[in-house]
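Q: For reference, the structure I am asking about is given below.
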Amino acid sequence: MVPAATIAQWVKNAVEQTAVHDLHTHLFPPSFKKLVLWDIDDLLTYHYLIAETLRLSDISYEAYWGMTKAQQAQHIWQTLFVENPPLSEACRGILTVLSKLGIDTSTRDLGAIRRHFPASEMQRFFDRTFQVANCSGVVMTNDPLDPVEREYWQSGTEVDPRFKTALRIDRILLDWPAVAKDVSDLGYRVSGDISGQTTAEVRRFLEDWVKRIKPLYVACSLSPTWRYPDDNVTTRILDQCVLPVAREHNLPMALMVGVTRGTNPQLRLAGDAVGKSDITSIHRICATNPRNKFMCTMLARENTHELAVAARKHRNLLVFGCWWFLNNPSLIEETTRMRIELLGPSFVPQHSDARVLLQLIYKWDHSRTVLAKVLTDKFVDLAATGWNVTQNEVTSAAKGYLAGQFQRFIDMKI
Ligand code: HDL
Ligand code: ZN
C-alpha cells in the first residue's frame, strides 16, 4: 500500500504545480486601464475590508466615503492591521500576497510597502502575479451595459489572451423594464413589455455581444427569492431570449444564486448579503432545458449540500466554487470534502472572484492548501481499500479540479 506520506507529497506537488484556469473573476487586462485594480491601495480598499473596517472604526460612513483612496487605504491599514490583529481571511490574504512577493511587513509601515508598487510597474505585476499564482488564465465578468467597459470592446481594444470572457447579464434579466431604455439607446427596438419584437431584439443584443466578446459562458447573479419558472419577466427573458442563444452557441448559463443586493446601501459594493435559495428552481431549470448547460454556485452554506445532490441528478449541471462568503478555509474544506464524496471528479472546487490582480496570489495559495489537504485524505482513504493509488492518478485529479473539468464542460455537446 502506498504510504500516506508519499500520497501527501504527490498531492502537494500536483496541486502546486498544476496551473489553474480561474473560471470567475472581476479582473481586466492591462489595456482596460480605467477598470484595472492592481496595487496595495486597491488591495486594501477591497470591499470585504471596507465592511470589516467600518465595524471596528468609529468613523462615519460619510467620513469614510469622503476620503481619497489613499486615505481610505491608510485608515483600513491602521484599523485592521495596526490597531487590531489582521485575523480575517481578507486581511490574511493581503499578508500572503506581500509575503509571496518578498515584501517585508515587520515595520507595519504602509508607506514603505507602497514603494514596492510604483504605477510604472503595473504591467510587470501582471506577469509576476500570474506566475506566482500559477494561473494560466482568468475568466472576466463582462457587462455590455457598463459604458466604460463597452467603450473598450467597441473600440477594438487588444485583450491579453490570458483574459477570457463571460457575458454577464444581471441587468437584462433582473431590471426589465427599467433597462429597456439603455438597450434601446444602443439601437435595439425594445420596449418595456416583452412583446414579440422586444424578445427578438433582446436575442439580437445577446447574439451581437456573443459574437463581439466570444464568452466562455453567460452569467447572472440571482437573489434568494429567484424562482424558476415564475410568472415574471425574468423567466420570459430566460426562456425566450437567453437560453435559446446559449443553446445555439453551446454556452453554459452560470447561475450565481443567493445574493441580497444592497442590504446596507451605505456600504455600497460592500453592502450585499446572503440568503438561503430555492434548490427546486435549479432542478427545474436543468430538467426543463436538457439541451442547455448550467453552471451553478450558491452563496448560502445551507444550500451547499442540496446543490451537490442536484448535480448528481442533472448531467447538464456543473457545480463550481466556494463563492464570496463561503471562500474561507473552514467552509472550503467542508464543501470540497462533501463534493468529492458526492461527485468524485465532476465539479470545479474553486474560483477566485478576484477584483484586484494581486488577489490571485492569495486566493489561490489559500485554496490550493485546502484542496491539497482534502485530496490527500481522499486518496489515503482510497489506498486503505487496497486500491493501488498512482502518482499519475493524483496528478490527473488535480488537473481536473484546477482546469480540466471546466474545459470538459465548456466543450461538452449536450
Ligand atoms: O456578483 C458577483 O459576481 C459577486 O462575486 C460580487 O461581485 C461580489 O461583490 C464579490 O466580489 N464577491 O467576491
Ligand atoms: Zn463575482
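Taken together, the values in this text are just the output of simple stated rules run on the coordinates, not laboratory data. Every value quoted in this text rests on a predicted model; they were computed, and no experiment measured them. Using ideal geometry, Cβ is built from the backbone for each residue, glycine included, and neighbour counts are taken over all protein chains shown.
Q: Convert each backbone phi in the range 181-191 into a coupling constant with the Karplus relation 6.51 cos²θ - 1.76 cosθ + 1.60 (shift: θ = phi - 60°), then list the ³J(HN,Hα) values in order as whole Hz, x for Gly and Pro.
A: 5, 4, 6, 5, 4, 8, x, 10, 7, 10, 9
Q: Between T376, T288, T297, find the one with the highest GNM mean-square fluctuation for the chain; connect C-alpha pairs within less than 10 Å.
A: T288
Q: Helix-derived [θ] at 222 nm for the chain: sum -39500 (n - 2.57) over DSSP H runs of at least 4, divide by residue count, nearest 500? Can you show the working numbers first?
A: Values: 20 runs with 196 residues, N = 414.
So the calculated ellipticity at 222 nm is -14000 deg cm²/dmol.
Q: For the chain, what is the relative contact order in percent, using Cα pairs closer than 8 Å and at least 6 residues apart in sequence? The partial results should precede the final answer.
A: On the way: 645 pairs, mean separation 96.1, N = 414.
Result for the chain is 23 percent.
Q: Choose one of A19, V132, I279: the residue whose Cα lies farthest towards the positive end of the charge dipole of the chain (beta-carbon charges +1 Lys, Arg; -1 Asp, Glu; about the Cα centre).
A: A19
Q: Something else: Please report how far the C-alpha centroid of the range 48-66 lies from that of the range 85-161, rounded to the nearest whole angstrom.
A: First find each Cα centre; the distance between them is then 23 Å.
Q: May I ask you to order 143-153, 96-106 by the average number of other C-beta atoms within 10 Å around their residues, highest value first?
A: Values: 143-153: 16.4, 96-106: 14.8.
Ranked by mean Cβ neighbours within 10 Å, highest first: 143-153, 96-106.
Q: Magnitude of the Cβ-charge dipole of the range 40-116, K/R +1 and D/E -1, about the Cα centre, nearest 20 debye? Write out the running numbers ahead of the final one.
A: Numbers: 7 positive and 9 negative charges, 47 e Å.
For the range 40-116, the charge dipole is close to 220 debye.
Q: What net charge is computed for the residues neighbouring L342, neighbours being all others with C-beta under 13 Å from the C-beta of L342, Lys and Arg scored +1, Asp and Glu -1?
A: Details: positive: R312, K313, R337, R339, K378; negative: E306, E334, E341.
With Lys, Arg at +1 and Asp, Glu at -1, the net is +2.
Q: Net charge around L318, counting only other residues with Cβ within less than 10 Å of its Cβ (Lys, Arg = +1; Asp, Glu = -1)? Display every interim value, and only then the final one.
A: Working: positive: K293, R315, R408; negative: none.
Net of charged neighbours comes to +3.
Q: Using the Cα gyration tensor of the range 40-116, with a ≥ b ≥ c the square roots of its eigenvalues, what is the shape: rounded (a/c below 1.5), prolate (a/b larger than b/c) or oblate (neither)? Before the final figure, lay out each step's value.
A: Details: a/c = 1.92, a/b = 1.54, b/c = 1.25.
Prolate, since a/c reaches 1.5 and a/b exceeds b/c.
Q: In addition: Along the principal axes of its C-alpha atoms, what lengths does the chain span, in descending order and rounded to whole Å?
A: That gives 63, 62, 39 Å along the principal axes, largest extent first.
Q: Right, here's the next one. Give me the net charge of A19's neighbourhood, meaning all other residues with Cβ under 12 Å from the Cβ of A19; Lys, Arg count +1, Asp, Glu -1. Provide the component values of the computation, followed by the final result.
A: Details: positive: R162, R368, K399; negative: E16, D22.
So the surrounding residues net to +1.
Q: Using the crude model of +1 on Lys and Arg Cβ and -1 on Asp and Glu Cβ, and no other charge, please compute the dipole size for the chain relative to its Cα centre, in debye to 20. Could you put the intermediate results ahead of the total?
A: Working: 47 positive and 45 negative charges, 192 e Å.
For the chain, the charge dipole is close to 920 debye.
Q: Could you state the number of Å between the C-alpha centres of the range 339-414 and the range 171-194?
A: 40
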